Each structure stands twice: as structure tokens, then as C-alpha cells.
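Report on the following structure.
The values are calculated or read from the model by the stated rules, or taken from the named source; none is laboratory data. Here the structure is a predicted model, which means the values were calculated and not measured. Here the Cβ positions follow ideal geometry from the backbone for every residue, glycine too, while neighbour counts run over all protein chains shown.
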Amino acid sequence: MAIPNLNAQAMNDDQKTSSHSAWGDRIRALKNVPQVLEILWASGPAVVTWGLILRVIVPLLQLGIGIVAARIITGVSLALRHQPQLPHFWWLVGAEVLLALLNGILSRTIDYSDQLLADRYTYHVSVRVMQQAAQLDLTTYEDPVFYDRLERARAQATDRLAMIQQMGRLFQQLVLTAIWSGVLVYRSPWMILLLIAGVLPSFFGETHFAFLGYAKNFRQTPAKRQMDYLRQVGGSKEAAKELKLFNLSDYLTGRFKSLSKAIYEEDIALSRKKLIWGGLLSLISTLGYYGAYVFAIYEAVIGRYPTIGVFSLITVAIQQASSNFQQAFSTASGIADQALFLTDLIAFFDMKPTVQSKPDGILVPRPIQRGFEFRNVSFAYPGTERRVLKNFNFTLHPGERIALIGENGQGKTTVVKLITRLYDPTEGQILLDGVDLREYNLEDLHHEMGVIFQDFMRYEMTARDNIIVGHIEAPHTNEEIETAAHKSLADGVIAKLSGGYDQMLGRRFETGVDLSGGEWQKIALARAYLRDAQLLILDEPTAALDARSELEVFERFAELTEGKMALLISHRFSTVRMADRIVVLEGGQLVEEGTHQQLMALGARYAGMFEMQAASYR
């Protein structure tokens, strides 16, 4: 586990490089905003619409409160000088109270609307992330760079709620800024210029440090993923035995501390710079505000304002315009910075699978007539040059049961991934009834395949749901589920559970019960039998079963695969000898094939492996 270089020199070099491209990256990142707005609108059109309407009404109410308050102050000033009060004075007082009450109610309504929209957005974008992840190629998940992007995308799906709320605030702040700036421009444009001159330096400073924060978080992603892994390993049930026996706790904790310290030091260094420069720039903003304020006092002293109420309204306008100027710039900067963080989420949504159906993909024949054919197939995993399969030729006919054998790394599981079209060949063709697999509708192709891999999933769900996931496209009766369990011998496992088919499996949730590896494997096998597909693929289906259970499973093998194509991968020769044809792989090529008797008579690779395994039982 390599520890990323997060020393101070590397950090400084990265920050220097980042600062040169900061503005360009931030401007480019703004293209993410329209896509986020589309996602936001899709998550709740009515909530968005009412939120915008309320954000126009509330600033207008606040302007109304300011104007009425100015009139009231003028009236009070006249009363203190024993001059006639303004007409309808108490009506003005009542109007301000009503406007304030309405402002409070609508402000709370905006908060409610924001929370409602945040919940809908979180739900909507989380579902989209799950759907997008499900449709991407299997090769994508074997790329560590993709995992970094996926981790950031998952975080951005929910952590960017701040940006959603900032967009609403920015709209309201711009309305408020326009209203109060209009009041100031009506009296004197110089006040607006002073306020803007004070706000801009602070805005650019915040923007610069926000970008450095994004660049820092981007650099730290691999290290943080390692920290998450170390946390998981250091406190998981699966690792507990080795942690104690190999005394790994101090070793893993030390690696965690090293990563954590490097990240902490980088965080503190950036925060210290932000504190110093941010404080200096805020002084300029304060001077801009008081410059406008002093100018207003000067105009009042020389008699530019007709009443004390007008002066009061101007000072309120200065305060509100300055505050909303700063908030709008800060919020806009925050949105631009959040847009940087959304780069991975948008890029993730833009990813397209390479293995996908053609728009006019054809349906799989029912029944399949000629079967599958691998024709000069070669395959290398993305990012590598080593070919796992080389000019591989192989056929699987309807009704045939074929066993694939060979040492680890010879391409057996790769054959399964290709025939199920989880991958496409690097070279050559895979045909089904003489037609390239790429011509078929992918969903329909998968519908006709029942597959259980050696590393099958152990779903932390009920026993019933663990079986149903094998064929969720259609509803199933209890009888169908129990029949599938009987075929895989899972019915005996379920009969021992207190909750039967409704028993929660696994330890993640309360009342859950964990199973042994062999028991889990029987549950997984039931999924394949429930699917009732034309092709049944079992990749090491009995690896976790004891010898007696394995014998029981394969005594039924011929019956359960009657009329189907079956592809079996196993290292146990007691299993593979039951196949109609045995295919031996070596170096990514088919080197032998035939029945058990034929291959034993040949006396070559298969016979040697069989004798080697048989000798261990003598």
C-alpha cells in the first residue's frame, strides 16, 4: 500500500502549479452548473418554481418594510419637535408590523422549501448515481482511477447540497442587491462604486483559496481512500483473527497515522494562509462600506436629504447593499467552487458503457438452435498487453454440459465473462446461432443466462430475497422459490433458520444470522436454478461445499441441466468427469478436449492433472 507523497515541498509545488490554472479551471467548471440545474429541476419542478417566486416576494417585502420604517422615523421626528404628525401615522406602524409578520412567515416557508428540495435532490441524484454505476462496463470497475472518480461522485451526489442551497440564496441576494442598489443609485451612484471597490478584492481572495481547497481535496482522494480501507480492515469481523494472530494493529494504525498526519499538515498550512490573507482583504471591504457611510453622512449634513427618514433609509440601503454585495459575490464564488467539485459527478454521468445493446438489437432465439461459438477469440484486459485468451476456438451446443479446467490464470473465468458479454473480445467473434453476440439485445441475452460466480454476492437480505435476486424480472410463487432451494440443497439450510425464508441473513442488520461459506453457496446456487435460463454457468459452484454436499449437488446435475446448455468451471475432477465434454485451457488456448475417458486415454495434460489430484486421496 503505497503512501502518497504529501510532504510540504510537494504541496507547495502543487499549489504553485494550481494557482496558474485556477481561474481557467473555475470558468470551465461553470459549465457544470446548467447540468446541475437540470438535475435540480428534474428532482422537483414545483418546489423550484415556488422557491423562486418566494425569493422575489421576500426582498420586495423587505424594501416595503424599509420605506415604511423611514416614514415612521420621519413621523416620530416631527412629533418630537411638536409638529403635526404624518397622516395615517398609526396605519404605517400597523403596516410595518404586518409586513414583518408576512416576511417572517415567507422566510420560514423558503427554509421549508429548501429542505424539501434538498431531500428530493438527494434522493434523485443518489438514484441516478446507482443507475449509472450499474450500466457501466465491468472493465470500469477494475480501474483504480475510476474508483477515485466514483468515490468523489458518490460524495458529490449528497455533499453538494450546499451548492443547491447557495443557488437559491444567490438568486435572492441578487434581487435584494438590485433593489437596495437602486435606492442608492437614485440618491448617488458614488456610494455603489465605493461598495463595489471594497467587495471585489475580498471576492477574488476567497475565490483563490477556494480553488486551492478543491485542488487539495483532489490530491488527497487516493490517500483518503487508503485511510478508509485501513479503518475498515482495522475494525472488521473478517480481519479480526489475523489482526490478533499477526499482531497487525500497530502496523495498520501506524500507516493510518502517517497518512492522517500528512493530510492534517496540508490542511493547516492552507487554513493559515487563508486566515492571514483573508483578514487583510476583509479590511478593504470594511473601508469600502464606511466610505459609503461617511459619504451619506456628509450629504445629510449639507442638507441633501429632505427628512431624517430619508437619511435613515439611505443608511439601511448602504448596509443592505453592502451586505448583499458581499454575500452575492461570496455565494457566486462558492457556487463556482462547488461546480469544481461537481466535475467528477458530471463526468461520471457522462460516462458511456462500451458494451451495450444496439438500438435495434435482436432477441435471443427461443430455443437456441446451434449454440455458441468462439471463433479466433483473443482478449486482453484494458490497461494490459498480456492476452488472457489467444486465438481461442470453442463451441457449446444445445443440451451440452461442458467443463472448463486449467490452472489459475489460464482464462476460464474470462471465457464466462465473454460468453455473457460482460466484455467484448479484443479480436475475433463470439457467435450465437451464427450471429455475433454484439447484434443481440443485451438485456434479453442476459435473461437467457443463469450465472453463479465463485465470488458470488452475499446479500444482507432475507433468505427469500437472496434467491429472488436470481430472477427479479418476474414475480415468483413460494413454490417456485422453494423448488429452486430444493434443487440447490438450500432448503435444508433454510429449514434450520428460525425465520425460515423470511430470516434476515448476514450480521449487518438486527436479527440477522450469518451462514457458513458452504451454506451461502447453496443459497447462491438456488438463484441460478430459479432463473430457468437456456444457459447455466457455474464458476466453481461447489468450492465451499464439503465432499458429501458436493456429491449431492452433482448427482442432480444431469437432471437439473436437462435440455439446457451448461458451462462448468471446477478444480475438482470428481465434478468435471460428469460433463459431456471437458475442455482444457493452457496459456489462453484450448489444448485438449473430450470426455473423461478420452482424455485419460490420451495421457496428456488432463490425465496428468487428474492423477495428481487422485494421488492426494490415496
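Quick look at the numbers
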item: Meets criteria (in contact with a Pro (Cβ under 9 Å, 6 or more places away or on another chain), closer than 22 Å to G563 by Cβ and in contact (Cβ under 8 Å) with a residue 60 or more places away in the chain) for I402; result: no
item: Selection count, segment 97-129, where residues are exposed (fewer than 14 other Cβ atoms within 10 Å of the Cβ), free of Cβ contacts under 8 Å to residues at least 40 places away in the same chain and not hydrophobic (A, V, I, L, M, F, W, C); result: 6
item: Cβ-Cβ under 8 Å pairs, at least 6 apart or on other chains, segment 561-589 side on the phi > 0 side of the Ramachandran plot, far side of a type outside the set (G, A, S) and at pLDDT below 85; result: G587/Q410; G588/Q410
item: Leading residue by the ranking (farthest from F573 (Cα to Cα)) among those in segment 501-540 that are small (G, A, S) and in contact with a strand residue (DSSP E or B) (Cβ under 9 Å, 6 or more places away or on another chain); result: G512
item: Number of the condition not met by V355 [criteria: (1) crowded, with 22+ Cβ neighbours inside 10 Å; (2) farther than 30 Å from R577 by Cα; (3) among the hydrophobic types (A, V, I, L, M, F, W, C)]; result: (1)
item: Filter result for S19 (at pLDDT 65 or above and not hydrophobic (A, V, I, L, M, F, W, C)); result: no
item: Sole exception among (1) loosely packed, with under 15 Cβ neighbours inside 10 Å; (2) without any contact (Cβ under 8 Å) to a residue 12 or more places away in the chain; (3) assigned to a helix (DSSP H, G or I) for D465, by number; result: (1)
item: Extreme residue, nearest to the chain's Cα centre (by Cα), among residues of segment 513-531 that are exposed (fewer than 14 other Cβ atoms within 10 Å of the Cβ) and either part of a loop (DSSP other than H, G, I, E, B) or basic (K, R) (or both); result: D514
item: Residue within segment 489-512 that is within 19 Å of F456 (Cβ to Cβ), modelled with pLDDT under 85 and not in a loop (DSSP other than H, G, I, E, B) present; result: no
item: Test: residue in segment 538-559 that is at pLDDT 85 or above and within 23 Å of V415 (Cβ to Cβ); result: no
item: Matching residues in segment 349-380 - criterion: being touching a residue at least 24 places away in the same chain (Cβ under 8 Å), assigned to a loop (DSSP other than H, G, I, E, B) and of a type in the set (D, E, K, R); result: K358, R366, R370
item: Residue check, I297 among the aliphatic types (A, V, I, L, M), modelled with pLDDT under 75 and either within 30 Å of S77 (Cα to Cα) or touching a His at 6+ places or on another chain (Cβ under 9 Å) (or both); result: yes
item: Residue in segment 358-377 that is surrounded by fewer than 13 Cβ atoms within 10 Å (Cβ to Cβ) and under 17 Å from L422 (Cα atoms) present; result: yes
item: Scope segment 468-500; condition buried (at least 20 other Cβ atoms within 10 Å of the Cβ), farther than 21 Å from H446 by Cβ and without any contact (Cβ under 8 Å) to a residue 60 or more places away in the chain; matching residues; result: A485, A490, V493, I494
item: Residues being under 30 Å from P367 (Cβ atoms), out of contact with any helix residue (DSSP H, G or I) (no Cβ under 7 Å at 6 or more places or on another chain) and not acidic (D, E) - total across segment 469-502; result: 7
item: Candidate set: segment 317-330, residues that are within 18 Å of F209 (Cα to Cα) and surrounded by fewer than 22 Cβ atoms within 10 Å (Cβ to Cβ); chosen: the one modelled with the lowest pLDDT; result: S330
item: Test for A614: is it modelled with pLDDT of 80 or more and more than 11 Å from A403 (Cα to Cα); result: no
item: Index of the failed condition, I430 passing every other in (1) without any contact (Cβ under 8 Å) to a residue 60 or more places away in the chain; (2) β-branched (V, I, T); (3) more than 30 Å from G361 (Cα to Cα); (4) in contact with a helix residue (DSSP H, G or I) (Cβ under 7 Å, 6 or more places away or on another chain); result: (3)
item: Residue list for segment 433-456, restricted to those being assigned to a loop (DSSP other than H, G, I, E, B) and either buried (at least 16 other Cβ atoms within 10 Å of the Cβ) or touching a residue at least 24 places away in the same chain (Cβ under 8 Å) (or both); result: D433, G434, N441, E448, F453, Q454, F456
item: Test: W50 is part of a helix (DSSP H, G or I), more than 52 Å from the chain's Cα centre (by Cα) and modelled with pLDDT of 80 or more; result: no
item: Filter result (in a loop (DSSP other than H, G, I, E, B) and out of contact with any Lys or Arg (no Cβ under 6 Å at 6 or more places or on another chain)) within segment 567-595; result: S570, H571, R572, R577, M578, G587, T595
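Okay, residues lined up against (1) modelled with pLDDT under 75; (2) assigned to a helix (DSSP H, G or I):
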{"site": "P84", "(1), (2)": "yes, no"}
{"site": "M130", "(1), (2)": "no, yes"}
{"site": "D148", "(1), (2)": "yes, yes"}
{"site": "R152", "(1), (2)": "yes, yes"}
{"site": "A155", "(1), (2)": "yes, yes"}
